2 protein chains.
Amino acid sequence: MNSRPSEFSIIKKYFAPFASQGAFEFRDDAAEIIPNEGKSLVITQDAIAEGIHFFSDDPPELIAKKALRVNLSDLAAKGATPKYISLALGLGKTWNEQWVAEFANGLKEDCEAYDIQLTGGDTFGTGAGFVISITALGEVPHDAYVSRLNAKAGDTLFVTGEIGDAALGLLAHERQISGLKNVDNAYLINRYLLPQPRVKAAEIIREFASASMDISDGLIGDLEKLCQASEVGAALKFQNIPFSQATQNAISLESNLSEIALTGGDDYEILFTVAEDKLIKFEDLISGSKIQFTHIGTITIGQGVKVFDRDGQLIEFEKSSYDHSGDSS
Amino acid sequence: MNSRPSEFSIIKKYFAPFASQGAFEFRDDAAEIIPNEGKSLVITQDAIAEGIHFFSDDPPELIAKKALRVNLSDLAAKGATPKYISLALGLGKTWNEQWVAEFANGLKEDCEAYDIQLTGGDTFGTGAGFVISITALGEVPHDAYVSRLNAKAGDTLFVTGEIGDAALGLLAHERQISGLKNVDNAYLINRYLLPQPRVKAAEIIREFASASMDISDGLIGDLEKLCQASEVGAALKFQNIPFSQATQNAISLESNLSEIALTGGDDYEILFTVAEDKLIKFEDLISGSKIQFTHIGTITIGQGVKVFDRDGQLIEFEKSSYDHSGDSS
């Protein structure tokens with residue numbers, strides 16, 4: 001059996017080197033956060049579990065980055081700039097020091113890349129699989145928080161980036177999509193393993209969005225949630241939905257993959273609405289932006305999400321979203 | 001098989017009724033916290049796992065309260081008043097709606113009792129045992145945060161409450177302590193199942209303590225951590241350590257239980273030091289306090305914790321603290 005150092009020595013060795021200023025190199029029970037004047041804190045907590053959100057043999061660096069990035073995606077959708085994280089690291093039965101070292105290294109790289117401070121947390125054994133729960137705190141100016149509750153009929157719907165890669169990446173990770181080129185396969189799997197949260201879009205979101213959320217459970221299902229929360233409906237144009245070349249190639253091989261692309265999970269793109277009075281200025285801005293923003297539809301009165309094809313015909317889906325609760329029962 | 005509603009409907013039904021003001025009844029991805037002027041936030045995160053920190057058949061209400069209270073204990077030790085919590089609820093394989101309803105009810109009762117707002121969090125399946133990770137945020141005035149790093153030789157050591165009940169309660173929960181009266185048995189088990197964090201001591205701690213931490217892994221081991229962090233030593237008087245009547249009765253039946261009482265886990269009392277210049281005022285104050293504070297020893301130069309018996313002889317322990325990492329390997 002591998003050597004298993006104590007919880008205390010692990011924390012000291014691997015996590016203390018990137019402790020936040022207020023965290024006393026994790027030699028204390030807690031950490032102090034001194035809020036900046038005029039700023040609110042935005043808090044979110046997402047957890048990922050072995051066998052549900054990641055595979056047992058995924059590289060620990062990538063598991064750490066995924067655990068962090070799913071939270072950064074939530075913050076970005078609220079218009080918040082990430083500042084602090086707290087980590088509960090539930091070590092699975094199979095843990096060893098190497099696993100912890102690689103996990104800590106992945107987390108450290110991302111904390112540096114996104115300029116985030118680790119305030120502390122907890123390390124414990126689960127007796128079964130690994131469970132990682134990160135709580136993230138971001139900052140927004142007072143009154144700039146963007147909820148998903150204020151979409152109005154007539155608002156225009158946008159998404160960042162491209163949709164469906166991660167859902168097809170999960171499929172590709174489980175079984176090759178038959179006929180798909182290796183380069184496309186690798187692209188999709190990477191999009192599944194390593195989300196790219198739209199942290200740089202946060203400022204634009206807080207300036208222009210009337211409602212916003214991140215897409216973690218599939219575009220259609222998450223748009224339904226936004227519509228329910230705002231008490232509106234939505235009309236999407238299928239041909240406007242942005243797909244990567246790899247996803248387009250996969251769909252051209254198996255046409256039913258388009259449904260999976262729209263209803264599968266793990267996009268970690270931002271879905272948001274822009275009100276009419278801000279639309280011209282917003283479209284001006286995004287034409288010169290490095291971030292891809294795509295106009296995919298419109299908010300309507302009523303309820304529910306309708307997807308229309310090129311000919312204006314309604315497209316029906318079997319299942320609108322991906323359920324991460326881990327029950328196939 | 002029991003009916004298993006979706007994650008979304010569970011959150012709505014059981015947790016949304018006690019969402020914080022900034023949490024939009026959990027219909028949003030995150031919550032907004034508007035900090036109070038002149039206050040810092042104190043963040044801590046402790047997780048508990050089935051089979052490690054609680055038993056599979058413990059009542060869900062008590063599991064919820066324990067998951068919360070271990071965090072409140074950390075906040076109290078830092079001098080912080082609890083304000084917000086975020087919950088990651090990892091549902092074990094055996095979950096059903098009844099379990100969630102009872103868990104939510106326990107959490108709601110405690111949020112009301114301690115005046116805490118639930119900002120949100122995450123619900124997910126673990127595929128194995130239950131894992132509950134709570135992140136708690138408390139408030140202290142700027143510059144009032146109490147770390148465990150500033151104990152100085154000559155400071156006086158105090159603890160709140162009584163030591164060892166929970167460690168003996170865990171023993172009693174696993175096997176009756178032979179000869180122990182039912183009433184003592186029940187008292188100890190309850191102290192194990194339901195920690196009583198010293199939230200009301202927070203104000204006193206921030207006014208008087210030079211260093212402070214909560215006792216979660218045993219008095220001796222945690223005092224060693226405080227001493228390491230402050231680069232000092234400590235001398236404890238065994239006869240001063242406060243034991244409940246039930247613990248005294250247990251020790252009188254099996255004398256080796258005194259070691260377990262001092263080195264076992266889950267006390268959730270506060271261990272703190274008071275500098276000489278504040279000692280007289282502090283002792284005045286506690287003589288009229290409803291909270292029990294006991295003078296148990298002194299901070300010394302050097303390092304390590306020494307425990308002395310009535311005759312001034314050194315007492316040796318086999319193991320100084322309880323390791324929650326769940327490995328007996």
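Strands (runs of 3 or more DSSP E) fully within the stretch B:72-172 that include at least 1 residues being more than 12 Å from chain A (Cβ to nearest Cβ) and modelled with pLDDT under 95: none found.
Inside the stretch B:17-66, residues that are touching a helix residue (DSSP H, G or I) at 6+ places or on another chain (Cβ under 8 Å) and more than 8 Å from chain A (Cβ to nearest Cβ) make up a count of 16.
May I ask you to verify whether B:Gly221 is within 14 Å of another protein chain (Cβ to nearest Cβ), assigned to a loop (DSSP other than H, G, I, E, B), surrounded by fewer than 24 Cβ atoms within 10 Å (Cβ to Cβ) and not aliphatic (A, V, I, L, M)?
So B:Gly221 does not fit the description; no.
For residues in the stretch B:71-120 being hydroxyl-bearing (Ser, Thr, Tyr) and under 16 Å from the mean Cα position of the chain (by Cα), which is nearest to A:Leu87 (Cα to Cα)? Once the filter is applied, the top-ranked residue is B:Ser73. Given the structure, is A:Phe308 surrounded by fewer than 17 Cβ atoms within 10 Å (Cβ to Cβ), among the aromatic types (Phe, Trp, Tyr) and more than 14 Å from chain B (Cβ to nearest Cβ)? Considered against the rule, which asks whether it is surrounded by fewer than 17 Cβ atoms within 10 Å (Cβ to Cβ), among the aromatic types (Phe, Trp, Tyr) and more than 14 Å from chain B (Cβ to nearest Cβ), A:Phe308 comes out as yes.
For the stretch A:33-47, residues that are surrounded by fewer than 24 Cβ atoms within 10 Å (Cβ to Cβ) and of a type outside the set (Ser, Thr, Tyr) total 7.
Among the residues of the stretch B:181-201, none qualifies, meaning not one is in contact with a Lys or Arg (Cβ under 8 Å, 6 or more places away or on another chain) and at positive phi.
From A:Asp277, A:Asp267, A:Asp214, grab the single residue that is in a loop (DSSP other than H, G, I, E, B) and either at pLDDT 95 or above or not assigned by TED's automatic domain parsing to the domain that holds A:Pro60 (or both). A:Asp267 is the lone residue from the list that is in a loop (DSSP other than H, G, I, E, B) and either at pLDDT 95 or above or not assigned by TED's automatic domain parsing to the domain that holds A:Pro60 (or both).
When the stretch B:224-263 is examined, which residues are found to be in a loop (DSSP other than H, G, I, E, B) and under 17 Å from B:Val159 (Cα atoms)? Answer for the stretch B:224-263, where residues must be in a loop (DSSP other than H, G, I, E, B) and under 17 Å from B:Val159 (Cα atoms): B:Ile241, B:Pro242, B:Phe243, B:Ser244.
Return yes or no: is A:Ile163 under 14 Å from A:Ala246 (Cβ atoms) and in contact with a strand residue (DSSP E or B) (Cβ under 7 Å, 6 or more places away or on another chain)?
Details: under 14 Å from A:Ala246 (Cβ atoms): yes; in contact with a strand residue (DSSP E or B) (Cβ under 7 Å, 6 or more places away or on another chain): yes.
Judged against the criteria, A:Ile163 is a match.
Restrict the check to the stretch A:230-244 and report whether at least one residue is over 29 Å from A:Gly138 (Cβ atoms), surrounded by 18 or more Cβ atoms within 10 Å (Cβ to Cβ) and either modelled with pLDDT under 95 or touching a helix residue (DSSP H, G or I) at 6+ places or on another chain (Cβ under 8 Å) (or both). Scanning the stretch A:230-244 turns up at least one residue that is over 29 Å from A:Gly138 (Cβ atoms), surrounded by 18 or more Cβ atoms within 10 Å (Cβ to Cβ) and either modelled with pLDDT under 95 or touching a helix residue (DSSP H, G or I) at 6+ places or on another chain (Cβ under 8 Å) (or both).
Annotation note: Cβ proximity below 8 Å between a residue of the stretch A:190-210 that is not assigned by TED's automatic domain parsing to the domain that holds A:Ala172 and modelled with pLDDT of 95 or more and a residue that is crowded, with 20+ Cβ neighbours inside 10 Å and small (Gly, Ala, Ser) (sequence gap 6+ or interchain) occurs for no pair. Against the condition out of contact with any Leu (no Cβ under 6 Å at 6 or more places or on another chain) and within 25 Å of A:Asn71 (Cβ to Cβ), how does B:Phe130 come out, does it pass? In short, yes. Can you say whether A:Ile177 is under 18 Å from the mean Cα position of the chain (by Cα) and of a type in the set (A, V, I, L, M, F, W, C), as far as the supplied structure shows? Against the criterion (under 18 Å from the mean Cα position of the chain (by Cα) and of a type in the set (A, V, I, L, M, F, W, C)), A:Ile177 does not qualify.
Results for (1) more than 21 Å from B:Leu271 (Cα to Cα); (2) surrounded by 24 or more Cβ atoms within 10 Å (Cβ to Cβ); (3) free of Cβ contacts under 8 Å to residues at least 12 places away in the same chain, shown as yes or no for each residue.
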{"site": "B:Glu109", "(1), (2), (3)": "yes, no, no"}
{"site": "B:Ile116", "(1), (2), (3)": "yes, yes, no"}
{"site": "B:His142", "(1), (2), (3)": "yes, no, no"}
{"site": "B:Val146", "(1), (2), (3)": "no, yes, no"}
{"site": "B:Ala151", "(1), (2), (3)": "no, yes, no"}
{"site": "B:Asp155", "(1), (2), (3)": "no, yes, no"}
{"site": "B:Glu162", "(1), (2), (3)": "no, no, no"}
{"site": "B:Leu171", "(1), (2), (3)": "yes, no, no"}
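Applying the selection to the stretch B:292-304, what residues are surrounded by 12 or more Cβ atoms within 10 Å (Cβ to Cβ) and at pLDDT 95 or above?
Selection gives B:Gln292, B:Phe293, B:Thr294, B:His295, B:Ile296, B:Gly297, B:Thr298, B:Ile299, B:Thr300.
Taking into account only those residues within the stretch A:43-71 that are touching an Asp or Glu at 6+ places or on another chain (Cβ under 6 Å) and not in a helix (DSSP H, G or I), which is farthest from B:Phe272 (Cα to Cα)? Checked the stretch A:43-71; the qualifying residue farthest from B:Phe272 (Cα to Cα) is A:Ser56.
The values are calculated or read from the model by the stated rules, or taken from the named source; none is laboratory data. Bear in mind the structure is a predicted one, so any value in this text is a computation, not a measurement. Here Cβ is always computed from backbone atoms with ideal geometry, including for glycine, and neighbour counts include all displayed protein chains.
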